[in-house]
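Asks: Below: one structure in structure tokens.
The values are calculated or read from the model by the stated rules, or taken from the named source; none is laboratory data. These numbers come from a predicted model, not from an experiment. All Cβ positions, glycine included, derive from the backbone under ideal geometry; neighbour counts span all protein chains shown.
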């Protein structure tokens with residue numbers, strides 16, 4: 001199980017697909033964290049290859065960092081509210 005890096009990559013892809021189906025910017029941070037964790041396990045860097053709790057800790061930290069970064073990257077400027085002038089169903 002510890003050298004099954006592909007499980008993390010597949011989990012990241014599944015979470016990315018969920019993000020496309022439910023566009024709320026919730027699953028995207030988790031998807032990035034899972035893919036990065038899979039990459040770290042694949043390269044076998046240091047203590048991450050040790051145990052499942054280490055995998056989960058790295059996944060949590062990377063997911064949180066990705067979520068914060070993406071939140072800062074995609075947010076509206078301060079004080080600005082998104083206003084829709086046209087409905088998608090209008091001709």
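Asks: Counting just the residues of segment 28-53 that are surrounded by fewer than 16 Cβ atoms within 10 Å (Cβ to Cβ) and not in a loop (DSSP other than H, G, I, E, B), which one comes out modelled with the highest pLDDT? Let's see the steps before the verdict.
Replies: Our first condition is that a residue be surrounded by fewer than 16 Cβ atoms within 10 Å (Cβ to Cβ); within segment 28-53, this holds for 39, 42-47, 50-53.
Add one more test, that the residue is not in a loop (DSSP other than H, G, I, E, B), and what stays is 39, 42-43, 46-47, 52-53.
Values: 39: 90, 42: 86, 43: 84, 46: 56, 47: 62, 52: 84, 53: 86.
So the residue we want is 39.
Asks: Tell me, please, whether a residue that is under 14 Å from the mean Cα position of the chain (by Cα) and surrounded by 14 or more Cβ atoms within 10 Å (Cβ to Cβ) can be found in segment 71-84.
Replies: No, segment 71-84 contains no residue that is under 14 Å from the mean Cα position of the chain (by Cα) and surrounded by 14 or more Cβ atoms within 10 Å (Cβ to Cβ).
Asks: Just to be sure, is residue 25 surrounded by 10 or more Cβ atoms within 10 Å (Cβ to Cβ), part of a loop (DSSP other than H, G, I, E, B) and touching a residue at least 40 places away in the same chain (Cβ under 8 Å)? Break it down stepwise before answering.
Replies: Numbers: surrounded by 10 or more Cβ atoms within 10 Å (Cβ to Cβ): yes; part of a loop (DSSP other than H, G, I, E, B): yes; touching a residue at least 40 places away in the same chain (Cβ under 8 Å): yes.
So residue 25 fits the description; yes.
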